[in-house]
Amino acid sequence: MKGIDGALQALISDEPLCAYIYDLAALRDHARAMTDALPPNAELFYAAKANPDAKILDVLRPIVHGFEAASGGEFQWLQACQPDMPLIFGGPGKLKSELTMALERGVESIHVESQTELSRIAQITDKLGCQAPILLRVNIALDGISTTRLTMGGKPTPFGFDVSELGAALTLITANPQLRLKGFHFHLLSHQLCDTSHIQLMQLYFRTFKRWCVQYNVDVPVLNVGGGMGINYIGTDSHFNWPRFCEKLHQLIVNEDMKDTIIRFECGRFVTSQCGYYAMEVLDIKANHGEYFAVCRGGTHHFRTPAAQGHSHPFFIVHGKNREKPLSNTTVSIVGQLCTPKDILAQQPVDSLAIGDYLVFPLAGAYAWNISHQNFLMHPPPLVHYINE
């Protein structure tokens with residue numbers, strides 16, 4: 001971890017350290033490997049909700065096929081940072097003003113979540129005198145498919161059309177030629193660690209797509225299969241196997257005769273998680289009711305991932321120069337500065353830990369700083385540092 005050590009040394013000052021560190025070279029290599037492994041008719045869009053940092057977007061711009069926005073605010077941010085990149089716009093509860101803005105600014109496609117939203121888009125296109133490129137997001141049953149701990153479909157959820165509404169939606173599209181149907185969108189689960197299970201899910205998507213094209217007599221070019229590739233925050237050597245998945249995907253596309261359809265992925269966590277680190281300096285070590293706590297600069301208001309995922313986040317220790325009260329071979333709870341007992345990032349044994357040491361949490365490049373309750377207690381934000389720029 002030479003790069004991390006160098007970054008920590010560059011960041012050390014008179015104030016205790018708390019920082020996010022992003023390895024941009026590692027991100028570049030990982031994203032390039034992801035797109036290189038894809039079949040020729042597949043695309044990779046980056047779901048910016050995972051981490052919309054401007055420099056991360058800069059790294060991804062020449063590698064991915066576009067960006068996905070899940071709100072009007074994200075759409076505006078992405079267009080300001082990357083004005084020449086294709087943008088797709090998804091998410092429930094889109095405002096009329098947001099839909100209007102997206103259409104006025106040349107959105108690549110809108111993922112339509114409901115009959116109400118579809119009607120609103122039709123009204124907006126009438127007013128603007130333009131076409132609306134759309135994909136219908138549909139919540140289909142997950143018959144015979146293994147679910148994960150985060151499942152957004154195959155059961156009652158706020159996401160996508162119910163299958164029973166599909167015919168009416170297509171009738172409305174036919175009656176409003178300014179609604180230009182480009183395809184269908186499925187995104188039913190996340191935190192997927194098994195590539196075999198995900199191939200089975202892709203097969204379900206492919207067969208459903210082909211059946212609908214025949215049943216409803218539609219010829220559409222795009223099938224958006226979402227993302228959901230998982231990061232294993234506990235056993236960090238067993239993340240989703242993207243290369244093996246893509247090998248199987250190549251064959252599945254041939255077997256299912258999907259070579260002429262654009263297969264679009266929109267991945268977030270799996271793209272950026274491994275390029276980010278969260279670093280905290282140990283401020284105090286204390287015993288309380290027979291247990292040890294390391295109180296650190298920062299907390300879950302900066303790095304919410306452990307609380308959101310409900311796990312003890314892995315970390316490694318970089319020893320400081322002026323160590324105090326060293327603790328050896330003891331289980332320690334790693335906590336932050338917040339006035340809540342839920343401000344716990346990890347609990348695990350340590351060989352040696354002291355005041356003045358630095359704890360570095362890997363897998364902090366996605367759903368970390370940007371999902372944290374940043375203004376709670378009004379602590380200052382962490383520093384942000386980029387290595388291998």
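What follows is calculated from the coordinates using simple rules that are stated; it is not laboratory data. A quick note: this is a predicted structure, and the numbers were derived from the prediction, not measured. Cβ placement follows ideal geometry from the backbone for every residue including glycine, while neighbour counts extend to all protein chains displayed.
Show me the helices of the chain, taken as full DSSP H stretches, that run 15 Å or more along their long axis by Cα and average -1.0 or above in Kyte-Doolittle hydropathy. Long hydrophobic helices here: 24-37, 115-128, 195-215, 242-255. For K127, a cut-off of 26 angstrom between C-alpha atoms picks up these lysines, skipping any fewer than 8 places away in its own chain: K94, K96, K182.
A cut-off of 5 Å between modelled amide H atoms, ignoring neighbours fewer than 5 places along the same chain, links G226 with F186, E266. Within a straight-line Cα-Cα reach of under 22 Å, K342 can be paired with the following lysines, leaving aside sequence neighbours fewer than 8 residues apart in one chain: K286. Of the GluC sites (Glu not before Pro) found in the stretch 227-326, those that fall in a DSSP loop while having at most 16 other beta-carbon atoms within 10 Å are E256. Between S328 and Y216, the simple spin-label model (points 7 angstrom out along Cα→Cβ) gives 6.8 nm. Once the chain is represented by equal point scatterers at the alpha-carbon sites, with solvent omitted, what log10 I(q)/I(0) does the Debye formula produce at q = 0.09 Å⁻¹? Values returned for q = 0.09 Å⁻¹ are -0.59.
Candidate cross-link partners of K210 among the aspartates and glutamates, defined by an alpha-carbon separation under 16 Å and a same-chain spacing of 8 or more, comprise D219, E256, D257, D260. Neighbour counts of C-beta atoms inside 10 Å place S71, S146, S328 in the sequence S328, S146, S71, starting with the fewest.
What residue among L345, T300, L283 has its Cα farthest toward the positive end of the dipole of the stretch 244-372, where the charges are +1 on Lys, Arg and -1 on Asp, Glu, each on the Cβ? Of the listed residues, the answer is L283.
Under a model in which nothing but the beta-carbon of Lys, Arg (+1) and Asp, Glu (-1) is charged, the chain shows a dipole of about 480 debye around its Cα centre.
When H289, H111, H187, H379 are arranged by Cβ crowding within 10 Å, least crowded first, meaning fewest neighbours, the order is H289, H379, H187, H111. With q set to 0.24 Å⁻¹, the log10 of I(q)/I(0) for the stretch 184-285, from the Debye formula over equal scatterers at the Cα positions, is -1.34. Panel order for R323, R297, R120, by other beta carbons found within 10 Å of each beta carbon, from fewest to most: R323, R120, R297. The calculated FRET efficiency for the pair S119 and V254, based on their C-beta separation and a Förster distance of 25 Å, comes to about 0.05. Translational diffusion of the stretch 86-267 was estimated from the Stokes-Einstein equation, with Rh taken as the Kirkwood radius over Cα pairs; at 37 °C and 0.692 mPa s the coefficient is 191 µm²/s.
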